[in-house]
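Colleague: Before we start, here is the structure in question, set down as structure tokens.
Laboratory data are not the source of any read-out in this text; all were calculated from the coordinates shown. From a predicted model like this one, the values you see are computed outputs, not experimental measurements. Please note: Cβ atoms are built from the backbone with ideal geometry, for glycine as well, and neighbour counts cover all protein chains shown.
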């Protein structure tokens, strides 16, 4: 158990791990398009950070490396957007670590990675709809602000 989980856990390390994964996923999702774009939201880094925060950086590396290779061309540039791999990567890495999936050797990791990579793809498509809804909401608020300024309200 990492010191972060021990400090947050206070008797429920699984709940603390879930909270850490949710917080990390939210911060990395901001980095993906809305803030700073430091590239910590790329699958390799996101999975490694999630694994390290939950106490198993090897799991993060085992999941993040193949995802990074597959999604190398999926960069958040301009209006192009194909899925939300960041949130999906954090969710799947967190589920693997908290679920006790063993990544100690390549032979142990291969079946888990084979099943978890399609899970990232499916979650990524779901996250894309959430991001589109968020952008529509931001556009509506921006237009309301313009109307308010124009009308002097």
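Colleague: In nm, to one decimal, how far is the modelled label at residue 72 from the one at residue 30, with both set 7 Å along Cα→Cβ?
Modeller: Output for this residue pair reads 3.1 nm.
Colleague: Return the FRET efficiency for the residue pair residue 119, residue 58: r is the Cβ-Cβ distance, R0 is 30 Å, and the value is rounded to the nearest 0.05.
Modeller: For R0 = 30 Å, the calculated efficiency reads 0.95.
Colleague: Moving on. Using a simple spin-label model with points 7 Å from Cα along the Cα→Cβ vector, what separation in nm is obtained for residue 150 and residue 37?
Modeller: 2.9 nm
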